[in-house]
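Since the structure comes first, as structure tokens, the remarks are kept for the end.
Quick note: the coordinates plus some simple rules give every number you see, no bench work behind them. None of these values were measured; they are calculated from a predicted model. Glycine gets a Cβ as well: all are built from the backbone with ideal geometry, and neighbour counts include every protein chain shown.
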């Protein structure tokens, strides 16, 4: 997701004054922001193929940009067919169980969860055999609660996905105990200058003293605030100070190791907006009333509506464009899609596959009051619905990561669960269950479980 320095060589650098809109001499007005955003959306629409695909580097991120700018991806349909809209295209990409191919990484599924949500597809119910929330759960690091995948980047995007890819009713489906673990992990990696980088730094004094990056700082801020951290908390206040300290006076952009650029500034704006912080506040206003938003607007080409990556560029860059559009819209890294002009706002499967060998994944959290274990369970329900006992039986047989459930009681019937992982020592009917963030209720063997359900078992 991060720009590599080698990419700079791919950007054409030329005098382009005739291609640029006039740089505002004051803070960006709502009308200027709206105009730039509208032109940017038209640029993204123009990239779509008749099949529905938005190709190229960053093409899939266009789904979040469209939603953040107030356009339903289901309405972006150059082909005009029933399955040629942008939402249907993306469902076809990530909905197959073989996607994303050999050697997937956590961020593949984290990004897909954010983009499916923005497209109007329930991330946990993309297909009968594709539950993106469960896939994110499968990358939980059991030895380091709150971390996902092998990089700090995957932990940040793990929290972005789990907190941001809500249910179709707008509820946070992931329990607070799980979000809080990731919040603690991200806070532990905050550098002494107030920002973050792409590397794990917790517990490493040398790493924590390294200069931060605006890109990852914006993403970390968005993840934290999306998970409930307040904009007035010390962690966010220090991040805000870091961004103010790296504001580039001549341009109003945020300084980056690659020089001022659209992507880094947009990601920082995404974080500020996610935390309810005005990116044109006094501390983010440079000489001539230049702000991060006036910089982004200045990067838009007058012809076509696309955005450049570098100030000296002369051609539209797809990845930079979707970043700029998202930042000039609602910000953040996903957004609930507007209701399309026709058809449902949300799509998602409603039943398990019934074939004997057709496995499905479910996200499971087991919280004994001390530790919340996060994992994914694979099972073949052989029916359109299943029950909690069947899920727990599958979990005993194996979870990813391993060790989520070693055993449970009772072993038969449909009554209340009295013990999980040997706790409590004296079985008691005090285990509760929440499905997709709903209120806790008595956990029973016969509790109904449907495709895509996110299951939270908690001892009270």
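Once the mean 1/r over all distinct Cα pairs of the range 360-459 is inverted, what Kirkwood radius in angstroms do you read off?
Working: mean 1/r = 0.0759 Å⁻¹.
When all Cα pairs of the range 360-459 are included, the Kirkwood radius is 13.2 Å.
Would you mind getting the Kirkwood hydrodynamic radius of the range 16-154 from its Cα pairs, rounded to one decimal in Å? List each step's numbers first, then the result.
Details: mean 1/r = 0.0592 Å⁻¹.
The Cα-based Kirkwood calculation yields 16.9 Å.
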### Cα-only radius of gyration and Dmax that characterise the range 170-289, units Å
14.3, 46
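How high is the FRET efficiency from residue 57 to residue 29, r the C-beta distance, R0 30 Å, rounded to 0.05? Can you show the working numbers first?
Values: r = 31 Å, r/R0 = 1.04.
The value I calculate is 0.45.
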### Query
What angle do you read, to the nearest 10 degrees and between 0 and 90, between the alpha-carbon axis of helix 30-47 and the longest principal axis of the chain?
70 degrees
## Note on the structure
Once normalised by the length of the chain, the mean sequence separation of its alpha carbon contacts under 8 Å that are 6 or more apart gives a contact order in percent of 19 percent
### Message
Give me the Å³ per residue figure for the convex hull around the C-alpha atoms of the range 125-240.
### Response
103 Å³
### Query
Relative to the longest principal axis of the chain, what angle (0 to 90°, nearest 10) does the C-alpha long axis of helix 388-397 take?
80 degrees
### Message
For the range 425-443 and the range 184-241, what is the centre-to-centre distance using only Cα atoms, to the nearest Å?
### Response
34 Å
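With viscosity set to 1.567 mPa s at 4 °C, what whole-number translational diffusion coefficient in µm²/s follows for the chain from Stokes-Einstein and a Kirkwood radius over Cα pairs?
Details: Rh = 22.8 Å.
D, rounded to a whole number, is 57 µm²/s.
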### Query
To two decimal places, what compactness ratio does the range 262-310 give when its Cα radius of gyration is scaled by 2.2 N^0.38 Å?
1.19
### Message
Can you compute log10 of I(q)/I(0) for the range 301-444 with the Debye formula, treating each Cα as one identical point scatterer, at q = 0.10, 0.16, 0.18, 0.20 Å⁻¹?
### Response
-0.59, -0.93, -1.06, -1.22
### Task
Quickly estimate the mean residue ellipticity at 222 nm for the chain, helices only: each DSSP H run with n ≥ 4 gives -39500 (n - 2.57), and the total goes over all residues, rounded to 500.
-10000 deg cm²/dmol
